[in-house]
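Presented below is the structure to which this report refers.
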């Protein structure tokens, strides 16, 4: 008999019930507060609601991608193709609009393209049994390449004003950027989906123990397909918002955006090997990194420091995950 | 016995890409005038030698069951170091050593974060990719850094008619091939990547084996950086962006399994040449440049799909 | 506990070379989290002798072997190798002492060639130029296999080998090392009869060379064929050691089983109901074929056989995780098609897997989370899981099965093995199945929890469920089952009705003796005991 050695597991990492990762949430929240205070000292007024809300315009798309990526990573996967797919969706939308398709229909076409791209990733991962890293590395080139190929690297930018309003205007006396509600709605919906539904349970279970999931009457393949499909759909939503914000659809949009997205999710406490993570954590990860980047830029630090910071936070975030996991021992 | 030999050759992981490469070469030779010309072939290999050198080193990391996606920024950092040093000193040895030293240090750091810090390699090197690019951008503030023409030797000159990049590629290949066949250093990489638990059981120090692979990638980038600087002649801070994908693509296309343990020293070379041939064919047939990524990505997806199916078939056959 | 002083080794038999004690355990014990897995064991293994260690699952055999092989350091007592007290803290140190292990679960490098697998982690021969001398390594490998009388392509990768040949690689690896003590843990589990006989020939050769062989097996017939000496373990203690010739098979079984059965097992007999599950010539390629049997409501049907006989595979095919490729499954007389585990659950079937940690539960998640996972549809409305109902269900099973835990929100991994197993049972029962397939339901569980699990199983039968129990513990089946089916190499080789089972015949059927083709028996007369 191999006796069971009861291993205390951090309640922080388990998906629910146990008080959610209080330490981590608290640390992230304090981190956010600290950086805002520092920026406020350097740049009086930075912490005013107006300024903070205005900045949120820059991270709505990244945030939506990070929410979807949370599902993917919890299920034990990874999606490197999100930024490329975003460009592809944007180009599909722009070109079909240019070709005379009514813009709402073009948006639906873009949504379909996004979901299809996600499903292709999912099918290769679930049914061919390929490693998600390699699959999405390949589709990262494919979607970007397809965007270049169909657009011939040319941009589309003659969108009607009602469309660009989505990305450039304000609600509530010029206080709330138009697209912010999209992030909030997505966050609440995905939080409910992940933490309250049977689908959410399956996402966790697939990432924590794929074999046991299979033995519990759950189709691992279908679950994975759905997760990557969901990711594709969210990419499309982000693409629409970004196209509206920049009033441009072009193939080189959001180059390299997949890395900050992954960094935000990991910083938010989602375990890179799957099985643990939360929407709340991801949201905090998004806020911490996004305000850090924006604040640095605002106080006049060169943009390039942003990359260094994101990279360092990515590594430190995982190191911290390890630390938080071991602490209860 | 001869049939057995053939049977085993077919089962080798790099066999399908090699066959594919040869078929491509024959087809292109028949259809595209000028493809099989000696100068064209030399220039293809010369062009892929930077990818080749880096992916040879990266191959070791992947064989050991890890990944290093920081090579794009790492290569830029090394090339940047080389060019900067070439401006300061007149000789070439010091810039070369500096480039290799910078690569080695970053490789050490990557290896330490992964093996000591227990951060999954994908995350650790992703972070390094970003951070290092940021550093290069910060240091390369003045836009374009010209490489002194004397220092472009590693990229442009020839030895006995063979371009220096190809000489470097061959040397690195030969060195790694010998290491992988005849030293514990190399053999243990395959063992660790093939079955980590069994490697622990027979007393291999898996962490240290992996650590050495990350350092090897640093060294490889250090060397490749000098060639890269010589070939392009002017270094922008954004140079080699996305290069990591080409390098990983070369390794995977060549037949090394992304999950580790299965592969060979030949794989990255075959993969790199394959990428070069495909790009060259696109150019010669005047396919618009906008199609490059699409074609490359599709090929990678096709290659790994075929490999997965083939692997399952091999296992079922036994 | 044992009042009679038993000898710690067999009296030396007549042999060309006088046998010496190769290895000795002195009052050895190993404690895991406060539980003694092995205690007070004195045991000697002699050169030139095959010494079988027998016992049920959980008797402490594997812990004992792991102490000999440096995986575990004894918490009390000592290990002595050739008269020298050693402290082996890793398998590598054990190898240095000349102790090699052929593990039950093969641990080779699938992507490397056979030659390499023999040399990984060891000093490789070099040429004068400092290069690895591959030709010399090949020769050494070929020589090792020649000694085993096996023709094998030593350059092939291990992945391409059959289970039996992979086993041979492990054995060759042990031999190449010139081991003086070889531990074999169920070496014939993956072998065919013919290959097993070949292995026994090799054991004979090793004996002649003065190697001490420690042999763990559940196959009684082969132990009687090859062992010079048998030690019986039970509940972590050594019960008996003596020459094979002095033992009867029935006595041996008696000793392994031990305690009074009535206290542990709980079985109320009542008439069985209608036929619930029926298999007709069920088969799956390269796993099992021609399996036909029925299970009625209120009936407990046991399934016996050796490891690898295809028992789990049959159960998994009924459940749908690894669907059958031929034959028919009928539920309550209606033919059904089951291709996925979801469909299995839909038909009222549940399977409780044998590997609790890898197949059954997510250890880091909460008890209630795990219990409700197979039955999310039942406690969800519009896809949303009702936590209230989930908690109710979990609390009900917690008190019903007296699961000792720190609240149902505690991670399953924080529970003892027995309580984890009860959570696994609860998880299966939450889907309210009619047909329950239990695979080794008491593996790795302490005696107290065992009794509780037997009570649960009995209650299920009493409630009119159709129960199939796959088990390697004969005793469990003898006491619990209404009927015992026996499988051997993918075939059903016997069906025995209780309550008074013919133990020897069941053992024979499990060993495949009744169905062994005549010529095979003729070729290997030794196979028949």
Problem - Theoretical FRET efficiency, 1/(1+(r/R0)^6), r = Cβ-Cβ of residue B:311 and residue C:75, R0 41 Å, to 0.05 - result: 0.40
Completion exercise
Stretched fully, the stretch from residue C:90 through residue C:462 gains (0.36 nm per residue minus C-alpha distance, one decimal, in nm) 129.0 nm
Exercise for the section: Return one number: the angle in degrees, 0 to 90 and rounded to the nearest 10, between the long axis of the Cα atoms of helix C:447-462 and the longest principal axis of the Cα atoms of chain C. Expected result: 40
Handout entry: Stokes-Einstein D for the stretch A:22-326, Kirkwood Rh over Cα pairs, 4 °C, 1.567 mPa s (µm²/s)
Key = 66
Problem - With Cα atoms, 0 to 90° folded angle of helix C:134-147 axis to chain C main axis - result: 80
Fill in the blank from the handout: Highest GNM mean-square fluctuation among B:153, B:223, B:139, for chain B with Cα springs under 10 Å, belongs to B:139
Exercise for the section: Report, as a whole number in µm² per second, the diffusion coefficient that Stokes-Einstein gives for the stretch B:1-118 at 25 °C and 0.890 mPa s using the Kirkwood radius over alpha carbon pairs. Expected result: 136
Handout entry: Percent of beta bridges antiparallel (DSSP, chain C, rounded to nearest 5)
Key = 55
Fill in the blank from the handout: Averaging 1/r across every pair of distinct alpha carbons in the stretch C:108-177 and inverting yields a Kirkwood hydrodynamic radius, in angstrom, of 12.1
Handout entry: Approximate spin-label separation residue A:273-residue A:41, in nm, with each point projected 7 Å along Cα-to-Cβ
Key = 3.9
Completion exercise
Scattering profile of the stretch B:44-244 from the Debye formula, Cα beads only, expressed as log10 I(q)/I(0) at q = 0.11, 0.14 Å⁻¹, is -0.49, -0.77
Fill in the blank from the handout: For the stretch C:66-133 the mean separation of alpha carbon contacts under 8 Å (6+ apart) over residue count, i.e. relative contact order in percent, is 22
Practice task
Whole Å is fine, so just give me how far the alpha carbon centre of the stretch B:135-161 lies from that of the stretch B:242-292.
Solution key: 24
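Set the Förster distance to 45 Å, then compute FRET efficiency between residue C:147 and residue C:292 from the Cβ-Cβ distance, nearest 0.05.
Efficiency at R0 = 45 Å is approximately 0.50.
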Handout entry: Contact order relative to length of the stretch A:22-326, as percent, for alpha carbon pairs under 8 angstrom and 6 or more apart
Key = 33
Fill in the blank from the handout: Stokes-Einstein, Kirkwood over Cα pairs, chain C, 25 °C, 0.890 mPa s; D in µm²/s equals 98
Exercise for the section: In Å and from the alpha-carbon atoms only, list the Rg and Dmax of the stretch A:57-213. Expected result: 17.5, 53
Practice task
State the Cα centre-to-centre distance between the stretch B:72-88 and the stretch C:205-251 in whole Å.
Solution key: 69
Handout entry: Förster-model FRET efficiency, 25 Å R0, residue B:160 and residue B:208, C-beta, rounded to 0.05
Key = 0.05
Completion exercise
the stretch A:267-311, Kirkwood Rh and Cα Rg, ratio Rg/Rh at 1.11
Problem - the protein assembly as shown: radius of gyration and largest Cα-Cα distance (Dmax), Å - result: 32.8, 103
Problem - Percentage relative contact order, the stretch B:180-318, counting C-alpha pairs under 8 Å, at least six apart - result: 19
Practice task
Any chance you could check the Cα centroid distance between the stretch A:154-229 and the stretch C:120-183 for me, in angstrom?
Solution key: 54
Practice task
Tell me the Kirkwood hydrodynamic radius of the stretch C:361-431 in angstroms, computed as one over the mean inverse distance between distinct C-alpha pairs.
Solution key: 11.7
Practice task
Please compute the Cα-Cα pair-distance distribution of the stretch A:89-129 with 10 Å bins starting at 0, giving whole percents from short to long.
Solution key: 33, 36, 21, 10, 0
Problem - Antiparallel DSSP beta bridges within the protein assembly as shown, as percent of all bridges there, nearest 5 - result: 60
Problem - Simple label model, 7 Å out from Cα along Cβ direction - residue C:432 to residue A:255, nm - result: 6.1
Completion exercise
Most fluctuating of B:26, B:67, B:53 in the GNM of chain B (C-alpha, under 10 Å) is B:26
Completion exercise
Quick calc: nm separation of the 7 Å Cα→Cβ label points for residue A:173 and residue C:392 -> 4.9
Problem - Rg in Å to one decimal, and Dmax rounded to a whole Å, for the stretch B:22-69 via C-alpha atoms - result: 15.1, 42
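Bear in mind that the values in this text are calculations on the coordinates, not laboratory data. What you see is a predicted model; the values in this text were computed from it and never measured. All Cβ positions, even for glycine, are placed from backbone atoms using ideal geometry, and neighbour counts span all protein chains on display.
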